[in-house]
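Okay, so here's the structure we're looking at.
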Amino acid sequence: MLPDVTVLTPQQVHAEQQAWAHTGNTLDFPVPVTCRAEERQQRLVLGLANALWALQQPRTFRLYASVQPGQDLRALLAAHPDGIALGGLAPYSQDRSFLHHEIQRVRDALPPHLPLHVYGPGHPLSVQTAFAAGATSVDSSSPQRTAVAGHAWDGTHWPSPSAAERFSLAQRNLDQLLPPRPARGPNQLLTWPTGTGKTWTARQRARAVLTQGLKVLLLVPTRALASEVAQTWAAALPEACVQAYTRDIAQPAHYRRSDVLILTTERLFLLLRQWERHHAWMAQVGLLIIDEFRLIADASRGATLDATSTLWCVLFPTVPLLAPTATCGNPDVIARWLAAEHDPGCPRIVLLT
């Protein structure tokens with residue numbers, strides 16, 4: 001036994017998990033590429049047994065079931081895990097076509113609400129491939145391991161780096177995993193009279209965002225209006241997938257598959273309360289449009305709009321917000337609260353005959 005090493009019993013590990021863990025993964029048995037078919041099957045059976053046992057244990061944290069490429073998920077899904085963790089992809093880090101195919105295969109087999117974590121995709125392009133294929137989260141030691149060797153993915157190389165230099169290189173690598181998003185316009189409050197082009201302007205902003213490969217969120221006051229707005233926006237933007245999400249619509253497309261998502265304020269508020277489950281597609285939103293922002297003063301619904309817009313700005317502070325409304329009693333105060341530019345528009349000239 002080595003000195004100064006503390007050995008933890010399984011009971012102590014379990015106690016630490018109960019006290020501190022937020023999310024955990026079941027123990028898997030990696031399947032090397034060189035495995036014979038018989039050994040591969042044995043490893044998959046052991047991993048499945050581990051997962052089924054762990055999912056039956058009492059816990060206070062979320063537990064993801066670990067799986068390997070090509071593994072059948074039906075038995076695991078029947079045990080109701082809190083998520084799926086896909087491993088065994090490190091040997092295929094450079095084969096991004098395989099990465100995308102396997103991650104998408106698993107994603108398509110999961111219920112829409114179930115998170116999908118991917119172990120160790122490594123290179124920034126592989127991480128982007130994982131998210132594009134439907135991963136909710138990823139982890140990798142590649143940024144640190146590459147830095148220890150004195151390299152950064154941006155081409156920087158420092159021979160025999162010091163501890164501080166390794167930290168700097170690792171930070172550069174992490175920055176590569178989270179590339180800067182396209183520049184966007186500021187928040188705007190449009191208080192234009194009816195019939196002066198608020199909807200047209202919103203669609204133009206949306207079209208610009210869609211061309212960058214990002215999504216648009218459009219909040220409407222009522223469920224009935226959501227379906228109507230979806231039809232008009234779909235006609236105006238035929239190149240985009242426009243989808244309304246209300247309880248009146250049976251089996252809508254999954255959020256991540258839509259380009260323009262039309263929701264009520266209440267629906268978005270519920271999604272934001274579970275933002276960890278929805279972060280993968282929410283992180284792709286490039287514009288939030290809140291129609292009829294004047295309703296923030298409504299006695300029955302204003303508090304929900306206030307809470308929703310505040311929570312969104314806290315979670316996604318870089319996503320611009322567009323708030324068109326025909327009437328607003330104190331636009332300057334609202335604009336300051338939104339950190340937005342106030343555009344009062346031009347007077348609407350009505351000819352008297």
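Any read-out appearing in this document is the output of simple, stated calculations on the displayed coordinates, not a laboratory observation. Treat the numbers as computed from the prediction; the structure is a model and nothing was measured. Ideal geometry is used to build each Cβ from the backbone, glycine not excepted, and the neighbour counts take in all protein chains shown.
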Taking the mean number of other Cβ atoms within 10 Å as a proxy for protection, how do you rank 317-329, 23-35 from highest to lowest?
317-329, 23-35
Checked the range 210-299 with the C-alpha gyration tensor, a ≥ b ≥ c its square-rooted eigenvalues, rounded below a/c of 1.5, otherwise prolate if a/b is larger than b/c and oblate if not; verdict rounded
So, relative contact order of the range 250-353 in percent, Cα under 8 Å, 6 or more apart, is 27 percent
Percent relative contact order for the chain, counting Cα pairs under 8 Å at least six residues apart, stands at 14 percent
Beyond 26 Å, what percent of the Cα pairs of the range 153-290 remain?
37 percent
For the chain, treating each Cα as an identical point scatterer without solvent, what Debye log10 I(q)/I(0) comes out at q = 0.09, 0.12 1/Å?
-0.65, -1.03
Listed residues Val229, Val106, Val260, most fluctuating in the chain (Gaussian network, C-alpha, under 10 Å):
Val229
If you line up the long axis of helix 302-315 against the longest principal axis of the chain, both from Cα atoms, how many degrees apart are they, to the nearest 10?
50 degrees
Suppose every K and R has +1 on its Cβ and every D and E has -1 on its Cβ; what is the size of the dipole of the range 234-353 about the Cα centre, in Debye to the nearest 20?
280 debye
Give me the compactness ratio for the range 1-121, meaning the Cα radius of gyration over 2.2 N^0.38 Å.
1.16
Projected onto the charge dipole of the chain (unit charges on the beta-carbon of Lys, Arg, Asp and Glu, signs +1, +1, -1, -1), the Cα from Thr26, Pro159, Val285 with the largest positive-side position is that of Val285
Counting Lys +1, Arg +1, Asp -1, Glu -1, what net charge surrounds Ile290 among other residues with beta carbon under 14 Å of its beta carbon?
0
